[in-house]
Amino acid sequence: MTELEQNLLAIIQDAFPVEERPYQVLAGQLGSDEQTVFAAVEGLRQSGVIRRIGGVYDSRALGFISRLCAGKVTESAIEAFATAVNEIPAITHNYQRSHEYNVWFTVIAQSEAEIQKIVDDVCAKTELHDVHVLLATKKFKINTVMGGTAAPVIRKNSCARSKPLSGSDRNRIRVACEDIPHSLTPFKDWGVSCDELREDLDLRRMRRFGAILRHQEAGFADNAMVCFNTTNGGDILAQKPYISHCYERPAFEGFPYTLYAMMHAQSAEELDRQIKEAAESIGNPDYVVLRSVRELKKTSFRFFA
């Protein structure tokens, strides 16, 4: 990855300019020119490093809820399970992990009943069983961005400010959940107002507008969800640059762990060091490491689609 590409990723994940000519703004920040910056970003998109450039919205601020689900699927049935999940827009993330509970997926909907129906339907259509739908009882850290060659940058959650959504708000948000056009004037070509997008950010409906990366292509080949059997230490873990998400969730039968931390590293050895360091920092409680075996699905939820 070139120095320009690294510098671009350091900026555009968290703050892609919401301006009529964003690449011109980036060029000014980087001492380059508009066409060179545009070509560099396009190259990162085409190579797969950048998955999407668009809005990352706060589901709660828009009247939705998100739940993490843990379940079991036999190895021989994983492919059929993944195929079924890929057809469900409400399921955005789906991972096979190294544990008895070997599939973990995220569901976004407008009610608990709707989420349960989605889970029940997947169970009926696949061999998914022993499913637990998990609420985040406390959020310590979310929405972390990844550095081009460095560790993730810390971002913390914040509460959205209340303002009723209009029909035009819903239309704009639906579009902004997609990938920007491949042009020098993406917002104009999208038909979306930059002023209104900036208002979404100001009201904290939107957490950020930026580039979402494919971690492996960006240099973070190893990651794991590490779950600790403690209710203490979330604030400490949230300060670790290699931890992207940190939540407290309820324990369930056969899984007594309540503090969840997603860790990202450039190698398995680095990940092992991170896990050990994190555990030591919170008093070495019992923990379990659920390494990512396969990414079965990772998409952005399209609100009001």
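The values are calculated or read from the model by the stated rules, or taken from the named source; none is laboratory data. Model, not experiment: these values are computed from the prediction. When we count neighbours, we look across all protein chains shown, and the Cβ atoms used for this are built from the backbone with ideal geometry, even at glycine. Surface accessibility is based on the protein's heavy atoms, side chains included, excluding ligands, DNA and RNA. Shrake-Rupley method; radii C 1.70, N 1.55, O 1.52, S 1.80 Å.
As a fraction of the 1.4 Å probe accessible area of the range 189-259, surface on carbon and sulfur atoms comes out at 42 percent. Over the range 32-118, the hull volume per residue, using the convex hull of the C-alpha atoms, is 148 Å³. Please give the net charge around Glu100, taking every other residue with its beta carbon less than 13 angstrom from that of Glu100, where Lys and Arg add +1 and Asp and Glu add -1. Combined, the nearby Lys, Arg, Asp and Glu give -1. Based on the Stokes-Einstein relation at 4 °C and a viscosity of 1.567 mPa s, and on the Kirkwood radius from alpha carbon pairs, the chain is assigned a translational diffusion coefficient of 64 µm²/s. Across the range 170-276, counting alpha-carbon atoms alone, Rg and Dmax equal 18.7, 53 Å. Around the Cα centre of the range 62-146, unit charges on the Cβ atoms of Lys, Arg, Asp and Glu (plus for the first two, minus for the last two) sum to a dipole of about 500 debye. What you get for the chain, charging only the Cβ of Lys and Arg (+1) and of Asp and Glu (-1), is a dipole of about 700 debye around the Cα centre.
With a Förster radius of 25 Å applied to the C-beta separation of Gln239 and Arg204, the computed FRET efficiency comes to 0.70. Close amide H pairs (under 5 Å, H built 1.01 Å from N) link Ile65 with Ala109, Gln110, Ser111, residues at least 5 positions away or on another chain.
Per residue, the chain exposes an accessible area of 44 Å² to a 1.4 Å probe, with every protein chain left in place.
Farthest toward the positive end of the dipole of the range 1-93, out of Leu44, Ala82, Leu9, is the Cα of Ala82, where the dipole comes from beta carbon charges about the Cα centre. Across the range 63-78, computed HN-Hα scalar couplings (Karplus, 6.51 cos²θ - 1.76 cosθ + 1.60, θ = phi - 60°) run x, 10, 10, 10, 9, 8, 10, 10, x, 10, 9, 5, 4, 5, 9, 4 Hz from first to last residue, x flagging Gly and Pro. Residue-wise HN-Hα couplings along the range 261-275, as the Karplus relation 6.51 cos²θ - 1.76 cosθ + 1.60 with θ = phi - 60° gives them from phi, are 9, 8, 10, 10, 8, 8, 7, 5, 5, 5, 4, 4, 5, 4, 4 Hz; Gly and Pro carry x. The residues neighbouring Ser32, those whose beta-carbon lies less than 15 Å from its own, together hold a net charge of -4 under the Lys/Arg +1, Asp/Glu -1 convention. Counting heavy atoms of the protein chains alone, Asp235 has an accessible area of about 100 Å² for a 1.4 Å probe.
In the chain, helical runs assigned H by DSSP with n ≥ 4 each contribute -39500 (n - 2.57); averaged across all residues and rounded to the nearest 500, the mean residue ellipticity at 222 nm is -10000 deg cm²/dmol.
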